[in-house]
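Written out below as structure tokens is the structure these notes cover.
The values are calculated or read from the model by the stated rules, or taken from the named source; none is laboratory data. These numbers come from a predicted model, not from an experiment. We place every Cβ from the backbone using ideal geometry, glycine too, and count neighbours over all the protein chains shown. SASA here: full protein model, heavy atoms, side chains in, ligands and nucleic acids out. Shrake-Rupley method; radii C 1.70, N 1.55, O 1.52, S 1.80 Å.
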Amino acid sequence: MHSGLDAKAATREAWARGDYHRFAKATVWEVGPVLVGACGIGPGQRVLDVAAGSGNVAIRVAEAGANVVAADLTPAGFEAGRREAHACGVELEWVEADAEALPFADGAFDAVTSCFGAMFVPDHGSVAAELTRVCRPGGTIGLASFTPESLVPAFFEVFAPYMPPSPGGSLPPVLWGREEHVRELFADRVSWLRLERRVYVERAADPAAYCALCKETFGPIVTVYESLRDDPDAVAALDRSFLDFATRSSTGLLGGSAEYPYEYLLAVARTAV
């Protein structure tokens, strides 16, 4: 994968594969209300959710009575998000946007959030600067990011041999889940209200069902399997590795349902006045 525009195009294409909304509803959906509550979002506020996907956080922001813009580099999930928002009885604005160069004015929002989204953008410093720039002085920035100690590194390690290299200079996404890294990224531009580790649990009928969910719905993994469609031996090897991960990582009862506890850092800050 090349840097710059080529990398962004490839990223957009990968996340557009599969059915992200179905994936999110089955996995990370419960974290949206946690982030909204931690940020104290309510009526009258103008909120930006960055790397919004299909609205895990943004829809909950709207339900809390705030005005919200859901921004994402990959607009493929917006239609599912609109349907979900309609079913929830709320309306919000959907905008295609690059987290490294947000198309919004300085201080345009009372709160800026991102849930397992901005952490996947290669240039951490640019993202932190942009999140801060578009948030008004004294506003709130709220993030949920997987930690280095979570299952995420082992999950992606399964697929790394079959994926193109990351753009040069990019940092591991899970660094966003390390308290020291987040403090360094934002420096004196914010004061931290909370930096606490939490856990949510992903569940499936069994490890094989968990693998099937990811293979059918999670864009980056769908992309990997599509790249191997002419190599059945590689597909078989990847299937074995993935099922091994899913089996050994589950904390569910042997022979029963599969459960995957994912640790994340809940980080909430107030921007400097």
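If Tyr162 satisfies all but one of (1) over 14 Å from Leu48 (Cα atoms); (2) under 19 Å from the mean Cα position of the chain (by Cα); (3) hydroxyl-bearing (Ser, Thr, Tyr), what's the number of the condition it fails?
For Tyr162, the exception is condition (2).
Condition check: open to solvent by 70 Å² or more (accessible area, probe 1.4 Å), among the polar types (S, T, N, Q) and either within 22 Å of Glu30 (Cα to Cα) or not in a loop (DSSP other than H, G, I, E, B) (or both). Does Thr247 satisfy that?
Details: open to solvent by 70 Å² or more (accessible area, probe 1.4 Å): yes; among the polar types (S, T, N, Q): yes; either within 22 Å of Glu30 (Cα to Cα) or not in a loop (DSSP other than H, G, I, E, B) (or both): yes.
When the stated conditions are applied, Thr247 passes them.
What are the pairs with Cβ atoms under 9 angstrom where one residue, in the stretch 222-244, is at positive phi and free of Cβ contacts under 8 Å to residues at least 60 places away in the same chain and the other, located anywhere, is surrounded by 15 or more Cβ atoms within 10 Å (Cβ to Cβ) and in a loop (DSSP other than H, G, I, E, B)? Sequence gap at least six, or different chains.
Sorted first by the residue in the stretch 222-244, then by its partner, the list stays empty.
Would you mind listing the helices (runs of 4 or more DSSP H) fully within the stretch 177-228 where at least 1 residues are within 30 Å of Arg17 (Cα to Cα), open to solvent by 40 Å² or more (accessible area, probe 1.4 Å) and charged (D, E, K, R)?
The qualifying helices (runs of 4 or more DSSP H) are 207-217, 219-227.
Six or more apart or on different chains, Cβ atoms under 7 Å: show the pairs whose first residue is in the stretch 101-123 and of a type in the set (Val, Ile, Thr) and whose second is part of a loop (DSSP other than H, G, I, E, B).
Note: pairs meeting the criteria are Val112/Val134; Thr113/Cys39; Thr113/Val57; Val121/Ala99; Val121/Glu100.
Go through the stretch 1-43 and report how many residues are at pLDDT 95 or above, crowded, with 21+ Cβ neighbours inside 10 Å and among the aliphatic types (A, V, I, L, M).
Of the residues in the stretch 1-43, 6 are at pLDDT 95 or above, crowded, with 21+ Cβ neighbours inside 10 Å and among the aliphatic types (A, V, I, L, M).
Name the residue that is surrounded by the most Cβ atoms within 10 Å (Cβ to Cβ), counting only residues in the stretch 99-133 that are assigned to a strand (DSSP E or B) and out of contact with any Lys or Arg (no Cβ under 9 Å at 6 or more places or on another chain). Write out each step before concluding.
The initial filter retains those residues of the stretch 99-133 that are assigned to a strand (DSSP E or B), namely 101, 109-115.
From what is left, the residues that are out of contact with any Lys or Arg (no Cβ under 9 Å at 6 or more places or on another chain) are 101, 112-115.
Details: Ala101: 9, Val112: 30, Thr113: 33, Ser114: 27, Cys115: 29.
The residue in question is Thr113.
Report, ordered by the first and then the second residue, all pairs with beta carbons closer than 6 Å, sequence separation of six or more or different chains, a first member in the stretch 258-273 that is more than 15 Å from Ala144 (Cβ to Cβ), and a second member that is part of a strand (DSSP E or B) and of a type in the set (Asp, Glu).
Tyr260/Glu202
Which pairs have Cβ atoms under 6 Å, sit 6 or more apart or on different chains, and link a residue in the stretch 147-161 that is touching a residue at least 60 places away in the same chain (Cβ under 8 Å) to one that is among the aromatic types (Phe, Trp, Tyr) and part of a loop (DSSP other than H, G, I, E, B)?
Taking only residues 6 or more apart or on different chains, not a single pair turns up.
Is at least one residue of the stretch 80-94 under 24 Å from Gly219 (Cα atoms), surrounded by fewer than 22 Cβ atoms within 10 Å (Cβ to Cβ) and at pLDDT below 95?
no
Within the stretch 134-151, which residues are open to solvent by 10 Å² or more (accessible area, probe 1.4 Å) and closer than 30 Å to Asp244 by Cβ?
Phe146, Pro148, Glu149, Ser150, Leu151
Filtering the stretch 44-63 down to residues that are touching a residue at least 24 places away in the same chain (Cβ under 8 Å) and surrounded by fewer than 19 Cβ atoms within 10 Å (Cβ to Cβ), which residue is nearest to Leu102 (Cα to Cα)? Working first, answer last.
First, the residues of the stretch 44-63 that are touching a residue at least 24 places away in the same chain (Cβ under 8 Å): 45-63.
Add one more test, that the residue is surrounded by fewer than 19 Cβ atoms within 10 Å (Cβ to Cβ), and what stays is 46, 63.
Values: Arg46: 16, Glu63: 24 Å.
Among residues in the stretch 44-63 that are touching a residue at least 24 places away in the same chain (Cβ under 8 Å) and surrounded by fewer than 19 Cβ atoms within 10 Å (Cβ to Cβ), the one nearest to Leu102 (Cα to Cα) is Arg46.
Is it the case that some residue within the stretch 29-45 is polar (S, T, N, Q) and farther than 26 Å from Leu213 by Cα? Walk me through how you get there before you give the answer.
Step one: filter the stretch 29-45 for residues polar (S, T, N, Q), giving 45.
With the extra rule that they be farther than 26 Å from Leu213 by Cα, the set shrinks to 45.
Checked against the condition, which is being polar (S, T, N, Q) and farther than 26 Å from Leu213 by Cα, the stretch 29-45 yields at least one hit.
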